[in-house]
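One structure is given here, and the rest of the page talks about it.
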Amino acid sequence: LHRLRHVITELTALLPDGSREKPGVAELAAYGCPTRMHVIRLLAPALANEDHSKDIDFSPSGIRQRREAGYADTMRTLEAAPWRGDFDPLEGF
């Protein structure tokens with residue numbers, strides 16, 4: 001269904017100027033969806049000397065280390081900007 005909505009949007013964009021505003025065309029074009037979402041997977045990086053107890057380590061230093069590692073990973077992902085790649089315009093997600 002999502003792909004079909006993008007097909008409708010792409011086809012609507014090919015219509016000549018002025019024809020998109022016609023009542024019947026506008027109604028059908030409304031079934032389109034120009035939204036594109038980029039989902040970026042952020043993983044908590046492993047810390048040095050981390051073991052099975054990491055899930056229960058709420059010490060100030062443990063929390064600070066995980067926060068700093070997560071922040072650094074997020075900044076690397078933002079710098080890489082994977083959403084700027086070439087994508088199929090019919091893929092909405």
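The values are calculated or read from the model by the stated rules, or taken from the named source; none is laboratory data. Just so it is clear, the model here is predicted, and its values are computed rather than measured. So basically every Cβ, Gly included, is an ideal-geometry build from the backbone, and we count neighbours across all protein chains shown. What goes into the accessible areas is simple: the full protein's heavy atoms, side chains included, and nothing from ligands, DNA or RNA. Shrake-Rupley method; radii C 1.70, N 1.55, O 1.52, S 1.80 Å.
Points to keep in mind about this one:
- Across the stretch 40-63, the qualifying residues are those that are surrounded by 11 or more Cβ atoms within 10 Å (Cβ to Cβ) and either among the acidic types (Asp, Glu) or touching a Leu at 6+ places or on another chain (Cβ under 8 Å) (or both), and the one among them that is modelled with the lowest pLDDT is LYS54.
- Restricting ARG64, ARG20, ARG41 to residues that are under 20 Å from the mean Cα position of the chain (by Cα) and basic (Lys, Arg) narrows the list to ARG41.
- You will find that of LEU28, LEU14, LEU78, LEU42, the residue that is aliphatic (A, V, I, L, M) and touching a helix residue (DSSP H, G or I) at 6+ places or on another chain (Cβ under 7 Å) is LEU42 and no other.
- PRO34 meets the stated requirement of being open to solvent by 100 Å² or more (accessible area, probe 1.4 Å) and in contact with a Ser or Thr (Cβ under 8 Å, 6 or more places away or on another chain).
Table: residues versus (1) open to solvent by 100 Å² or more (accessible area, probe 1.4 Å); (2) at positive phi; (3) in a helix (DSSP H, G or I).
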| position | (1), (2), (3) |
| --- | --- |
| LEU28 | yes, no, yes |
| HIS38 | no, no, no |
| GLN65 | no, no, yes |
| ASP86 | yes, no, no |
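- Qualifying residue in the stretch 52-60 (condition: part of a loop (DSSP other than H, G, I, E, B) and under 27 Å from the mean Cα position of the chain (by Cα)): no
- Which numbered condition ARG20 misses (of (1) part of a loop (DSSP other than H, G, I, E, B); (2) within 19 Å of LEU4 (Cα to Cα); (3) not hydrophobic (A, V, I, L, M, F, W, C)): (1)
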